[in-house]
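One structure below.
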Amino acid sequence: MRNDLSADQIYAYLTERLHPRLSGQAFTHMPVLKQFRRTRNTGFQNIIFSVSEYEDVNLVEIHFGIRLENIERISNRYLPVLPAFARHSHTLIISHSKLTGRPYHRYKVGNEVQLERMGAEVEHLCMDQGVMALADHGSFEAAHTLLNESPETVSDWVPNQAHRCFKGLILASMVEPSIFEPLARTYLSILRNEPQGTLLEEKFLQLINQLRGVSLN
């Protein structure tokens with residue numbers, strides 16, 4: 001099969017198709033970042049388009065992200081996040097495949113017919129599921145529940161589970177301080193078993209001490 005479309009054509013098509021409805025939900029198009037983003041008092045929420053271009057087909061993936069500014073501002077002091085990316089980092093982010101329960105799914109687009117079909121599906125996905133998911137999980141309380149209700153269960157909303165330990169603990173310190181100490185022990189144990197966890201253990205212990213100091217003041 002021949003691929004008749006470029007990644008730029010797909011980005012342009014999705015932008016044109018979704019812009020009217022997403023702008024009605026307070027999203028602004030950010031072409032350089034290939035996303036729509038809306039600002040909230042707590043940070044921002046976004047919908048990100050990724051297109052992988054191959055000789056015979058394009059693979060399209062959508063991500064839905066939430067940034068809680070206070071969580072990112074603290075966690076980025078301890079995590080190895082490049083300064084250029086720090087202001088765009090997410091507290092929560094999930095792919096459309098995980099959101100819809102179709103692991104590893106990508107939209108395959110190589111011609112105009114497939115483009116139209118994909119566009120209809122993506123519009124439905126974004127407006128009926130994606131925007132609702134962002135609204136449902138966009139508060140500190142909701143994010144705390146999502147990350148900390150079952151701390152030993154892998155979360156689809158945080159691809160890097162080591163980072164989840166840091167962000168989950170910060171959320172707990174703000175939302176439910178009574179579980180802070182047992183949660184800190186749980187996350188420290190989890191972190192030690194992560195591939196790069198031992199490199200972050202010292203930073204995590206520093207974070208624990210900082211959060212303890214804040215809670216005492």
Condition (residue is open to solvent by 50 Å² or more (accessible area, probe 1.4 Å), under 19 Å from Ser173 (Cβ atoms) and in contact (Cβ under 8 Å) with a residue 40 or more places away in the chain) applied to region 62-75: is it met by at least one residue?
yes
Identify, please: which residue in region 205-217 is more than 23 Å from the chain's Cα centre (by Cα) and modelled with pLDDT of 95 or more and is, among those, surrounded by the fewest Cβ atoms within 10 Å (Cβ to Cβ)?
Asn209
Checked pairs for region 17-31, first touching a residue at least 40 places away in the same chain (Cβ under 8 Å), second surrounded by 13 or more Cβ atoms within 10 Å (Cβ to Cβ) and of a type in the set (D, E, K, R), C-beta under 9 Å and 6 or more apart or across chains, list as Arg17/Glu123; Leu18/Glu123; Arg21/Glu123; Leu22/Arg38; Gln25/Arg38
Region 1-59 - residue that is touching a strand residue (DSSP E or B) at 6+ places or on another chain (Cβ under 7 Å) and of a type in the set (Gly, Ala, Ser) and, of those, farthest from Ile71 (Cα to Cα):
Ser6
Considering region 128-150 alone, what residues qualify as being over 17 Å from Thr91 (Cβ atoms) and either in contact with a helix residue (DSSP H, G or I) (Cβ under 7 Å, 6 or more places away or on another chain) or open to solvent by less than 80 Å² (accessible area, probe 1.4 Å) (or both)?
Asp128, Gln129, Val131, Ser150
The number of residues in region 163-177 that are open to solvent by 10 Å² or more (accessible area, probe 1.4 Å) and part of a helix (DSSP H, G or I) is 6
So which of Leu200, Leu211 ends up being within 28 Å of Lys98 (Cα to Cα), in a helix (DSSP H, G or I), in contact with a helix residue (DSSP H, G or I) (Cβ under 6 Å, 6 or more places away or on another chain) and not polar (S, T, N, Q)?
Leu200
Of the conditions (1) at pLDDT below 95; (2) surrounded by fewer than 16 Cβ atoms within 10 Å (Cβ to Cβ); (3) over 17 Å from the mean Cα position of the chain (by Cα), the single one that Glu194 does not satisfy is (2)
Among the residues of region 172-217, which ones are among the basic types (Lys, Arg) and closer than 23 Å to Pro159 by Cβ?
Arg192, Lys203
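Yes/no matrix, rows are residues, columns are (1) touching a Leu at 6+ places or on another chain (Cβ under 7 Å); (2) surrounded by fewer than 19 Cβ atoms within 10 Å (Cβ to Cβ); (3) β-branched (Val, Ile, Thr); (4) within 22 Å of Ala86 (Cα to Cα):
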position	(1), (2), (3), (4)
Glu152	no, yes, no, no
Pro182	no, yes, no, no
Thr186	no, yes, yes, no
Lys203	no, yes, no, yes
Scan of region 149-162 for residues that are assigned to a helix (DSSP H, G or I) and touching a Phe, Trp or Tyr at 6+ places or on another chain (Cβ under 9 Å), ordered by number
Ala162
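Looking at region 106-125 only, could you name the residues that are under 20 Å from the mean Cα position of the chain (by Cα) and in a helix (DSSP H, G or I)?
Across region 106-125, the qualifying residues are Val122, Glu123, His124, Leu125.
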Of the residues in region 99-127, how many are open to solvent by less than 50 Å² (accessible area, probe 1.4 Å) and not polar (S, T, N, Q)?
14
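The values are calculated or read from the model by the stated rules, or taken from the named source; none is laboratory data. Treat the numbers as computed from the prediction; the structure is a model and nothing was measured. Note: ideal-geometry Cβ built from the backbone for every residue, glycine included; neighbour counts use all protein chains shown. Accessible surface areas use protein heavy atoms only, side chains included; no ligands, DNA or RNA. Shrake-Rupley method; radii C 1.70, N 1.55, O 1.52, S 1.80 Å.
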